[in-house]
Amino acid sequence: MTAKTLPLINLQHCDRCGACVTGCPENALIMTEMGLTFTHPVTCTYCMVCEDLCPVGAIRAPLTVTWAPET
């Protein structure tokens, strides 16, 4: 079983412009009074569009490269 990975949100850097919310192709994000959050985290496909759209770098989708064992 693998854990679902979501982009990381830094609310201290978020200027609440909403670019990530309107640009998310899966409608996985919403802007609340507290700031950006995932409304539907299971729909996030980790496409990294939100990271590309954020003008202040408040949302990051870090990638980890792993190698499959040789069979």
Residue in segment 53-69 that is more than 10 Å from the chain's Cα centre (by Cα) and part of a helix (DSSP H, G or I) present: yes
Breaking point among (1) touching a residue at least 24 places away in the same chain (Cβ under 8 Å); (2) part of a helix (DSSP H, G or I), for V21: (1)
Residues (surrounded by 15 or more Cβ atoms within 10 Å (Cβ to Cβ) and either in contact with a helix residue (DSSP H, G or I) (Cβ under 6 Å, 6 or more places away or on another chain) or among the acidic types (D, E) (or both)) located in segment 31-59: M31, V49, C50, E51, L53, C54, I59
Count of segment 29-52 residues which are within 13 Å of T5 (Cα to Cα), among the hydroxyl-bearing types (S, T, Y) and outside any loop (DSSP other than H, G, I, E, B): 1
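Every number in this text was worked out from the coordinates using simple rules, so none of it is lab data. Remember, predicted model here, so these are calculated numbers, not experimental data. For neighbour counting, all protein chains shown are included, and Cβ atoms are generated from backbone atoms with ideal geometry for every residue, glycine included.
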